[in-house]
Structures are given as structure tokens and as C-alpha cells.
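What follows draws every value from the coordinates through simple rules; no lab data is involved. Since the structure is predicted, the reported quantities are computational estimates derived from the model, not experimental observations. Neighbour counts run over all protein chains shown; Cβ positions are idealised from the backbone, glycine included.
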Amino acid sequence: MHRVLISDSIDKIAERIFKENDISFDVKTNLSENEIMEIIGDYNALVVRSATKVTKNIIDKSTNLKIIGRAGAGVDNIDIKSAKEKKILVMNTPGGNTNATAEHALTLILSLIRKIPYANLTTHNGSWEKKKIKGNELSKKTIGIIGFGNVSSRLIELLSGFGVNIIIYSNSLSSRKNHSLDDLKKIYNEKAISISSFDEIVEKSDIISLHSNATKDGQPLFDMKQFKKMKKNSFIINTARGNLINENDLNAALNENLISGAAIDVFSIEPAQQNILFNNKKIILTPHIAASTHESQIIVAEMISKQICDFLINNKIVNTV
């Protein structure tokens, strides 16, 4: 009988699907690398979210492992190279948490420009700071989108009612025919949404939202060089990858008033229990929760469990990376 290890908390719909398909499974969360290494040889499949780091050491010990399933889109926590060397498939669930992440990005944008966290805190403290709290409107702003995939496409749809101008940069997107972009242009108009260079995004945007993968060399897309080029009244949002932004430089840029604010959901080291950005009043911080909605967690758990069942039972391969 096939055996599956679920090493991160996922919705119980996954357990139900494994039971229905007569696949044995164990739920063992919060394990250390050594603890996983000790037991991984007993399993044919491993299901993770973002907490478990599937390292080379774990993969090397996985004598019977055929597939690693990520209940989510990003696979930065999995050593893909080591998995491929051992001919272990890695699957993810693209699109499963698209809406949740896009909505969180929009929430961060609006909270940041209207200074909602500060307004909430001071009001709870009995300090009526009405005269000090003057935010910005989203209408007529230029929104720079870095990366063009499921999440950024959905965010652009959500922004359509605000009367903004959208400029997009992506390595995989050129001026060639693109159906997703064409569909979005129907929602806006030809002039309100366009493809730009990275430098144009940096220099012209009032708000920049990051939705790209990590760079191949692991270097940040944004450091002091980019922050110095941005508008002084601009904002940056990151719900994508922690290493896309140099956190030390972001902190300095905010303290030196090079940009007005930032909202960050992802960090260079997670869980982020110590970070240079902590207590900077110009930053909204959330603990990697963009995809954490009840709805999205059901979707990704259902997707990954069905994909693993299809592979183990029927050798069907879906959403490999």
C-alpha cells in the first residue's frame, strides 16, 4: 500500500481523499529536519506547505519517495535540484490560492496608503489623531506590477474599479500576443494597461507590487539602487518572495524618506522572529498569510491530494515543476 506523510497542517479534505483512494497516510507536523530524515524512508509521497524545508539531506534519506506535493504555488522550500537527481517528482497547486493572495495584496495597498494600522492603533488607545492622519487615494495612481502570472492577473482585475493605470514588467511577457493581457485590457482600456521595462516601473510607479519568482542568482530585485530611483511618495508591496527585497536597504530607504511606505508579507528568513524591519512605523508586516484563507486552504489541499492519488494509482502527472 502507498504511504503518504503530511508534514504541514493542511485542510482535512486531503485526509478524506486519501482514505477514499485507500492510500495510507500519517499527519506529523512541526518535525525537525532530523526527525523527518529518520522516517522519510517509510513513505512514497510527502505533502508540505511552506513550513517544512525539504532539504537535500531529507531527499537523500528518501529511499522510497516518488513524489513531493506542495499545497500551494511556491516551491522555494523544496530542493528541486536534489529531487530531480533522485527522479522524485515535485508537484504544486498553481492557481489554488490566486484569489486569496491577490486580495491580500490589495488589502495591503489600501491599508498602507490610508494609514489604517496607525489609525486603528491610535483610536484604540483613545488618541483622536484625525488631523494627523491624511492618506492617499488609489484613483488615478500608476500601479507597477513586477511579474505576470495568476496572482498579478487577478490583482489587476480587482484594481479595475479604482481608475488606476497599470504598467507590467515580466521576463516571460513581451509585446507578443497574450490572451490574459488581452482579456485584462478589455476590463480597462488600451491606454490604462501596458507593458513597461523594469526601470520604467521603478521610476514611474506610485505603487509597486511584487509577484515574481526569486531571481536565478538569488539576488534581490530591489536594493538601495532601486529605492533611490523610486518616487519619494511611492510605496512597495511584497506578497511574493522574501528575497526579492534587500530588507536592510528597505529599512534605510524608509528611514531616509526615499520612499513613503512598504507592506511586506514575506521575509528573507521565516519564521521571522527577528528582523530589521520590525517596529519601523512606515511598514505594514504580516506573517506570510496572503494565501491563508479558509477557502484557499481547502482548494490547495484538495488539489494536491487528488494529484498525488492520480500519480500513485494511475501514474498521471499534473502540475510538475
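Of all lysines in the structure, the ones whose alpha carbon falls short of 16 Å from that of residue 185, not counting any fewer than 8 places away in one chain, are 177. For segment 98-285, a Kirkwood radius taken over Cα pairs fed into Stokes-Einstein (37 °C, viscosity 0.692 mPa s) yields D = 193 µm²/s. With neighbour counts taken as other beta-carbon atoms within 10 Å, the residues 1, 37, 303 rank, fewest first, as 1, 37, 303. Amide H contacts under 5 Å for residue 47: 5, 6, 7, 69, restricted to partners 5 or more places along the chain or on a different chain, H placed in the peptide plane at 1.01 Å from N. Counting charges near residue 165 (Lys, Arg +1; Asp, Glu -1) among other residues having Cβ under 10 Å from its Cβ returns a value of +3. Projecting the Cα atoms of 271, 240, 194 onto the dipole axis of segment 98-285, where Lys and Arg carry +1 and Asp and Glu carry -1 at the beta carbon, places 194 farthest toward the positive end. The residues packed around residue 90, meaning those with a beta-carbon under 13 Å from its beta-carbon, carry a net charge of +3 if Lys and Arg are +1 and Asp and Glu are -1. Computed about the Cα centre, the dipole magnitude for the chain is approximately 940 debye when only Lys and Arg (+1) and Asp and Glu (-1) carry charge, each at its Cβ.
Among residues other than residue 213 with Cβ under 13 Å from its Cβ, the summed charge is 0 (Lys and Arg +1, Asp and Glu -1). The GluC sites (Glu not before Pro) found in segment 60-168 that occupy coil by DSSP, while having at most 12 further C-beta atoms within 10 Å, are 137. Here the Debye sum runs over all C-alpha atoms of segment 197-321 as equal scatterers in vacuum, and log10 of I(q)/I(0) at q = 0.17, 0.23 Å⁻¹ comes out as -0.88, -1.33.
The alpha-carbon positions of segment 61-181 define a convex hull whose volume is 172 Å³ per residue. Around the Cα centre of segment 98-285, unit charges on the Cβ atoms of Lys, Arg, Asp and Glu (plus for the first two, minus for the last two) sum to a dipole of about 640 debye. Using only alpha-carbon positions in segment 213-286, the gyration tensor eigenvalues give semi-axes of 18, 15, 10 Å once each is multiplied by 5 and square-rooted (largest first). Legend: ranking of residues 75, 202 from fewest to most surrounding C-beta atoms inside 10 Å; resulting order 75, 202. Near residue 208, the amide H atoms lying under 5 Å from its own belong to 144, 235, 236, 237; only residues 5 or more places off or on other chains count, and H is placed 1.01 Å from N. Over the Cα atoms of segment 1-78, the radius of gyration divided by the Kirkwood radius equals 0.93; this is the Rg/Rh ratio. Summed over all non-identical Cα pairs, the Kirkwood treatment of the chain gives a radius of 21.2 Å. Counting every other Cβ atom within 10 Å of each residue's Cβ, 152, 139 order from fewest to most as 139, 152.
In summary, the lysines within cross-link reach of residue 12, defined as a Cα separation below 18 angstrom excluding same-chain residues under 8 places away, comprise 28, 306. Straight-distance candidates among the aspartates and glutamates for linking to residue 61, with alpha-carbon spacing under 14 Å and chain neighbours fewer than 8 residues away dropped: 33, 35, 38, 42, 79, 85.
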